Amino acid sequence: NGDNSIFVQKFNADGTTTGNTPVTLEGIPTGIDFTPQITALANGEYVITWFAYTPDWSTTSVYVQKFNADGTITGNNPVTLEGVPNGQDQNSQITTLSNGSYVVTWNGTDVNGDNSIFVQKFNANGTTTGNNMVTIEGIPTGYDQEPQITALANGEYVVTWHGTDVNGDNSIFVQKFNAN
């Protein structure tokens, strides 16, 4: 289509490709897709997250696509994650947890119009857990961005990011999450 897309090619253990062509992922069919991140799941499955701009560059959303062990996609469409509709959601990161579930974090526009960090946990089958994503931030009106995430033992995980602190300085924040 002449736009930026995400391409996924699975490889065998010997380095040869599986299948004939890469799988093409697009958040928005004519949008501009950026910065894929990948994590391995149990039994050879894997998940990819990325963000995409609308064709007019006005908004971005985060997308999540799960793959089967044979390299085919799970479900028909990627899951769309947004802080608020028509906001700026980007810089997604992903990690696998010990029980086969996984977590995606990203920065995006919150209900106050500033940038916050969002966290969405997924069950091992690719469905989201709970009713809502979690929003975290340094201060309610600060600018939070570029989250990183890592898994801990027993399904726990930690998100870190930089953002505005109570003194108006840019600081590093860390938030630990229990398995639930």
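Are any of the residues in region 134-152 touching a Leu at 6+ places or on another chain (Cβ under 9 Å) and of a type in the set (Asp, Glu)?
No, region 134-152 contains no residue that is touching a Leu at 6+ places or on another chain (Cβ under 9 Å) and of a type in the set (Asp, Glu).
From the list Gly44, Gly108, Gly83, pick out the single residue that is more than 29 Å from Thr164 (Cα to Cα) and not basic (Lys, Arg).
The unique qualifying residue is Gly44.
Residues that are of a type in the set (D, E, K, R), buried (at least 20 other Cβ atoms within 10 Å of the Cβ) and touching a residue at least 12 places away in the same chain (Cβ under 8 Å): does region 104-127 have at least one?
Within region 104-127, one or more residues are of a type in the set (D, E, K, R), buried (at least 20 other Cβ atoms within 10 Å of the Cβ) and touching a residue at least 12 places away in the same chain (Cβ under 8 Å).
Do any strands (runs of 3 or more DSSP E) lying entirely in region 1-93 carry at least 1 residues that are modelled with pLDDT of 85 or more, farther than 28 Å from Ser116 by Cβ and open to solvent by 30 Å² or more (accessible area, probe 1.4 Å), and which ones are they?
6-8, 23-25, 32-40
Quickly run through region 101-115 and pick out the residues that are among the hydrophobic types (A, V, I, L, M, F, W, C) and over 14 Å from Pro147 (Cβ atoms).
Residue satisfying the conditions is Val111 alone.
Please verify whether region 157-173 includes one or more residues that are loosely packed, with under 15 Cβ neighbours inside 10 Å, acidic (Asp, Glu) and without any contact (Cβ under 8 Å) to a residue 40 or more places away in the chain.
Looking for residues that are loosely packed, with under 15 Cβ neighbours inside 10 Å, acidic (Asp, Glu) and without any contact (Cβ under 8 Å) to a residue 40 or more places away in the chain, one finds at least one in region 157-173, hence yes.
For Gly100, state whether it is touching a Ser or Thr at 6+ places or on another chain (Cβ under 9 Å), within 24 Å of Gly75 (Cα to Cα) and open to solvent by less than 40 Å² (accessible area, probe 1.4 Å).
Working: touching a Ser or Thr at 6+ places or on another chain (Cβ under 9 Å): no; within 24 Å of Gly75 (Cα to Cα): yes; open to solvent by less than 40 Å² (accessible area, probe 1.4 Å): yes.
No: the conditions fail for Gly100.
The values are calculated or read from the model by the stated rules, or taken from the named source; none is laboratory data. These figures come from a predicted structure and were not determined experimentally. Methodologically, a virtual Cβ is constructed for each residue, glycine included, from the backbone with ideal geometry; neighbour enumeration extends over all protein chains shown. Just the protein is used for accessible areas: all its heavy atoms, side chains included, with ligands, DNA and RNA removed. Shrake-Rupley method; radii C 1.70, N 1.55, O 1.52, S 1.80 Å.
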